[in-house]
Structure formats: structure tokens, C-alpha cells
């Protein structure tokens, strides 16, 4: 159902009322967490919107899969590996990860790298 | 294909390299524009990510449709009508608009209201 998740970003943290922070399970991840802002809990039939945060020195899983990603960087400075190219990113940059393209996000500064990541609701296996 | 749209937010404006600002056509809209950050141009098969900006005194179309919206407020202060409820929103707030729910965004301050709006790639008629 329609709803608002109020932003609660006190003391420089990114949090939303009623949204829990979860671990991000993968064999090749370090210092990353995920908050599901829109997804199964809202009964969203087509898409999911998540907020990922990567701590200094950390990175997300190096992966490729059939679904794509729409990403907006919200805090910090980092890099994204897109195929064989590594590109620096910061606030406001938009990243599109096509289906089957290898990708990984990495925090490059002393502040966490935070980004919104949108995916289709129906997703297959991640390799 | 995978790509990065570099944020180019100089002088308080929200712009991205290689992304054009477009008019937002609807009979019931005032002072609103849209930038397609991810969509058909990137050959995204499942989703589209747009940045909407509503000028002071402006509003988006009052509408309802079968597809849903995932929204993140990026700048300014405004309100969203969700069904019969009007809710104030500002930076970081997340809005989920369920299928068939009436909705409209309105700018409430002297600064533009800017927000990210994600939709499924396949959308039907808007009423």
C-alpha cells in the first residue's frame, strides 16, 4: 500500500523510520549493509528500492546477473567497477548496470559510501 | 548498456551530463520538468528512473494508474497527496505510490522540489 518512509538522518547517518538495517550476505562482501525502502513489505509488484551503505575500506559483492540495477549515489565517494572499467562516483552520480554486466561498488574515502539501488521485483540467480 | 551519468549540480541546480531536461506534458501540471536518467535510451528492460523538478507554486499531474512509483525526495520541501491524505516531504523521504492510488506532488517552498521517481518499464494508460 502507499506509504511514506520518513528520513531520519540525524548525526550524518542515513536512516528511515520503520526501516531496519540488514546484513548483506555474500561471500565476497566487506562492510556493507542494506535497507529495504520499497519492496515485498510494501507489496510492490514490479520493483524494489534499497539503500546500500559501504563502510570505509569496504565493498559490495563482485557479481553479475540477469537483472539490471539503477543506482543513485547519495553520500561519500567511491568507485564502481562496470565490466572492465573502474569509475569514481560521488553524490548525484547515476549508474546503470545492464543485465549480465560484472559490477562492484567500493568505498574510497573515510565516510561511508551510500547509494540507492533499484531492481526489478523478479530476479534470478546471482553469479 | 551500462553507463554513468555524471552529476553536474553546480549553482544549486540538479543536472546530469548527457541528460536533457524535458517538459512534462499533462493537462493538470504546473511548473514541472523531467529528466530521464535511466530508461529506453539505456535499453533498460524492466525499469525507468526519472528526476522530476517542481518549481515554487507548481505541482505534478493529479493522476492514478496501474503502475506504481518509488520516490525519493532530493531537494526542497513539498507535499504528496496519497489517496485522500496530504503529507509533507523533504530530503531523504521515501514515498511508495501503490497501483491505482491517486497522487500528486506539490512544491511548498521557494526552492524547487526535486525527486527521483522510479517506474516499471511497461506502463499502461494514466487516468
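FYI, it's all coordinate maths here, none of it is from the lab. Bear in mind the structure is a predicted one, so any value in this text is a computation, not a measurement. Cβ placement follows ideal geometry from the backbone for every residue including glycine, while neighbour counts extend to all protein chains displayed.
If we hang a label 7 Å off Cα along the beta carbon direction at residue A:77, how far is it from the matching labels on the other copies, in nm, shortest first?
Those separations, rounded to one decimal, come out as 3.2 nm.
Determine the principal axes of the Cα atoms in the range B:16-120, then give the extent along each, sorted from largest to smallest and rounded to whole angstroms.
35, 29, 29
On average, how many beta carbons from a partner chain sit within 10 Å of the beta carbon of a residue in A:45-53?
5
For the protein assembly as shown, just list the percent of Cα-Cα distances falling in each 5 Å bin from zero outward, please.
In order of increasing distance, the bins hold 1, 6, 13, 19, 21, 18, 12, 6, 3, 0, 0 percent.
So for chain A, averaging the separation of alpha carbon pairs under 8 Å that are six or more residues apart and normalising by length, what relative contact order in percent results?
Details: 319 pairs, mean separation 33.4, N = 127.
That works out to 26 percent.
Distances from residue A:30 to the same residue in each other copy, label points 7 Å out along Cα→Cβ, in nm, shortest first?
From this label point to the equivalent ones elsewhere in the assembly: 5.5 nm.
Working out 0.36 nm times the residue gap between residue B:88 and residue B:28, then minus their Cα-Cα distance, what length gain in nm do you get to one decimal?
19.6 nm
Rounded to two decimals, what ratio of Rg to Rh does the range B:1-42 give with C-alpha atoms and a Kirkwood Rh?
Numbers: Rg = 12.3 Å, Rh = 11.9 Å.
So for the range B:1-42, dividing Rg by the Kirkwood Rh gives 1.03.
Compute the distance from the alpha-carbon center of the range B:1-79 to that of the range A:85-115, in whole Å.
With the range B:1-79 and the range A:85-115 each reduced to a Cα centre, they are spaced 21 Å.
Full extension from residue A:62 to residue A:111: what is 0.36 nm times the residue separation minus their Cα-Cα distance, to one decimal in nm?
15.5 nm
Taking a point 7 Å out from Cα toward Cβ as the label site, list the nm distances between residue B:100 and the same residue in every other copy, smallest first.
Label-point separations across copies, in nm and ascending: 3.8.
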